[in-house]
Amino acid sequence: MTEPEMRPERDAAIRAMLVEHVRREPVAQAQRRRRRLLGWSGVGALAIGVAATAGSVLLQPATVSNTEMVFCMTEAERGADGGYPGSSASIASPSGAGRVVDAIGLCTLMWEQGVLDEAFDPTAASNPPGRVPDELQACVMPDGSAAVVPSSNASICVALGLAPLAE
């Protein structure tokens, strides 16, 4: 079998194409890189803007709209299931509609009585008194009820995904 013959004009055309490709390729690569960088920068800026807007809208200070219930948290973190560790409390009244005016006061009372301690036994005749955390922060749950968090961090509500209590 004989190999095809390479004519000089074809050889020259191939060489010219290769030289032109080698000359243009770095410029084309730089343009592609620049377009990709600008595109991803725009996407990143858009994502940051959306997150900032959502955070400022969703986690603005709020007032308590559900005064029948208070959630007293035992820890300043969410559980593995996304829930909040602690217990709910309400105040009973003769009319049947309880109203909580002082959420921190109610949770302080629960801490003093030991209800929020891990060793609390609801079936025992008596339990030892509990220890109240040094600082408690009031937040607002998504359903509008108050939540009291044991923490000295003033921005713990935002860290937990709750709205800070409007003063």
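The values are calculated or read from the model by the stated rules, or taken from the named source; none is laboratory data. From a predicted model like this one, the values you see are computed outputs, not experimental measurements. Please note: Cβ atoms are built from the backbone with ideal geometry, for glycine as well, and neighbour counts cover all protein chains shown.
Here are the numbers:
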read-out	value
Residue count, region 64-80 (criterion: at pLDDT below 85 and either surrounded by 12 or more Cβ atoms within 10 Å (Cβ to Cβ) or charged (D, E, K, R) (or both))	4
Cβ pairs under 9 Å, 6+ apart, first in region 84-105 and within 25 Å of GLU167 (Cα to Cα) and surrounded by 11 or more Cβ atoms within 10 Å (Cβ to Cβ), second hydroxyl-bearing (Ser, Thr, Tyr) and at pLDDT below 80	GLY98/SER90; VAL100/SER90
Those residues of region 19-31 which are surrounded by 10 or more Cβ atoms within 10 Å (Cβ to Cβ) and of a type in the set (Lys, Arg), in sequence order	ARG24
Residue within region 85-93 that is touching a Ser or Thr at 6+ places or on another chain (Cβ under 7 Å), modelled with pLDDT of 80 or more and of a type in the set (Gly, Ala, Ser) present	yes
